[in-house]
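Q: Handing you a structure now.
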Amino acid sequence: MYKAIQAFFKTEDDAETVRAELNKLKTNDIRVDHLPDADRTLLLTPLAYSGNNTSGMGAGGGIVAAFTTNDNGETINDDTPREHTIECEVAKDDYPEALKIIMENDGYMDKNAFEG
């Protein structure tokens, strides 16, 4: 079973770096694209670890999820355009690792991808 991912980056180099990392996972059809107005039509959010374990590995924590506030409760607001996208399908077992790769490279995702 595969899950779809669409992530947004500031630069093409960032997107290409993530593509290279995602190629190490079980993925289908990784595409990097330039969409100048994409980030203006979606509510994008950065990713962070939820839980106590920041490694993202092991039992009991470290799941990567969307977040909209920092540790002080302040709303995160990075208005830098994110016009470069990666779209692909990732094997369900590799999905948390794919999110970790995106997070570590300052990728944002559509907030609605984490709801429901």
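Q: Please list 3J(HN,Hα) in residue order for the stretch 6-13, calculated via the Karplus relation 6.51 cos²θ - 1.76 cosθ + 1.60 where θ = phi - 60°; whole Hz, with x for glycine and proline.
A: Once θ is set to phi - 60°, the couplings for the stretch 6-13 become 9, 10, 10, 9, 6, 10, 5, 4 Hz.
Q: Cross-link partners among lysines for Lys26, C-alpha distance below 19 Å, same-chain residues fewer than 8 apart left out?
A: Candidates past the 8-residue exclusion: Lys3, Lys92, Lys100.
Q: May I pose another question? Lys and Arg at +1, Asp and Glu at -1: add these up for the other residues within a Cβ distance under 11 Å of Tyr49 and post the number.
A: Cβ neighbours under 11 Å give a net charge of 0.
Q: If packing is taken as the average number of other Cβ atoms within 10 Å across a peptide's residues, how do 100-106, 17-23, 31-37 rank, most packed first?
A: Order by mean packing, descending: 100-106, 17-23, 31-37.
Only the coordinates and a few stated rules stand behind these numbers; no lab work does. All values reported here derive from a predicted model rather than from experimental measurement. Methodologically, a virtual Cβ is constructed for each residue, glycine included, from the backbone with ideal geometry; neighbour enumeration extends over all protein chains shown.
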